[in-house]
Amino acid sequence: AMNKPQGYECSHQPQHHHSVFSLLPEQFIERGIHCVGRLDQDTTGLLLFTDDGPFSHALTHPKKHVAKRYLVTTNRPVTDEQITQLTQGVALRNEKGIYAADDCSKLGEHQLTLTIHQGLYHQVKRMLAAVGNHVDALQREQIGQFNMPEDLASGEWIYLSDAQIDLARQLG
């Protein structure tokens, strides 16, 4: 697990920014590890790595319904109506269906937590745009029932224990 810093791409061959893989020991790269899901270059927080395809699939496939919780800082004040819209579901451009937050809680005038189980391209940002707001900062805090350790500094990584891996697999 890594606390992904801002300005890093989740790619072995980054286009415009540094690669998160540059923050890991070469031995991991040689093993062929990959990111379990992706975070945009400007999104920070919990990022898992593995060389285990079935584990990665178990955490990222939409049918598995593994929750991912984000801390969202918005440009405009968060309204109760926006929270309601996010939990009831919104349409996203170029996507079929309605996408609803599994959970959404207002933390402050410009901050909320949002939990989703899908992982569409820019999904959280697009959901906030669909309700008339804009994301200024986005941090993933949790995958399944595994919370990013509070003492894990930006850019640092840790090995996960078997118990932590099991928490990540739990639906949330």
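The values are calculated or read from the model by the stated rules, or taken from the named source; none is laboratory data. In this text the structure is predicted, and so the values were computed from the model without any measurement. Here Cβ is always computed from backbone atoms with ideal geometry, including for glycine, and neighbour counts include all displayed protein chains. Accessible surface is based on the protein model in full, side chains and every heavy atom, while ligands, DNA and RNA are left aside. Shrake-Rupley method; radii C 1.70, N 1.55, O 1.52, S 1.80 Å.
Please give the calculated 222 nm ellipticity per residue for the chain, where each DSSP H segment of at least 4 residues contributes -39500 (n - 2.57) and the sum is spread over every residue; nearest 500 deg cm²/dmol?
On the way: 5 runs with 38 residues, N = 172.
Helix-only estimate at 222 nm: -6000 deg cm²/dmol.
Leaving out ligands, DNA and RNA but keeping every protein chain, what accessible area does residue 148 have, in Å² rounded to the nearest 10, with a 1.4 Å probe?
For residue 148, solvent-accessible area is about 30 Å².
Could you tell me the number of lysine pairs in the chain with C-alpha atoms less than 18 Å from each other, where the two lysines are 8 or more residues apart or belong to different chains? All intermediate terms of the calculation are to be shown ahead of the outcome.
Working: 4/68; 4/125; 63/96; 68/106; 68/125; 96/125; 106/125.
Within the chain, the lysine pair count is 7.
Rounded, prolate or oblate, given the Cα gyration tensor of region 1-59, with a/c below 1.5 counting as rounded? Provide the component values of the computation, followed by the final result.
Values: a/c = 1.85, a/b = 1.29, b/c = 1.43.
It comes out oblate by the Cα gyration axes.
Solvent-accessible area of residue 79, probe 1.4 Å, all protein chains present, reported in Å² to the nearest ten, please.
Per-residue accessible area (residue 79): approximately 60 Å².
Within region 126-168, which residues have the backbone N less than 16 Å from the label spot 7 Å out from residue 17 along Cα→beta-carbon, could you tell me?
Within reach of a label on residue 17: 126, 135-141, 154-156.
log10 I(q)/I(0), Debye, Cα-only region 2-101, no solvent, q = 0.12, 0.17, 0.22 Å⁻¹?
Debye intensities relative to I(0), on a log10 scale: -0.54, -0.96, -1.24.
Just to confirm a number: summing +1 for Lys and Arg and -1 for Asp and Glu over residues other than residue 87 whose beta-carbon lies under 15 angstrom from that of residue 87, what do you get? Present the calculation step by step, with values, prior to reporting the outcome.
Values: positive: 69, 106; negative: 80, 81, 102, 103.
In short, -2.
Excluding residue 116 itself, calculate the net charge of residues whose Cβ lies under 15 Å from the Cβ of residue 116, where each Lys or Arg counts +1 and each Asp or Glu counts -1. Mind dumping the intermediate values first?
Numbers: positive: 38, 63, 64, 68, 69, 125, 126, 140; negative: 40, 95, 102, 103, 141.
Counting the neighbours of residue 116, the net charge comes to +3.
Build a GNM of the chain with springs between Cα atoms under 10 Å: which of 140, 126, 69 gets the top mean-square fluctuation?
126
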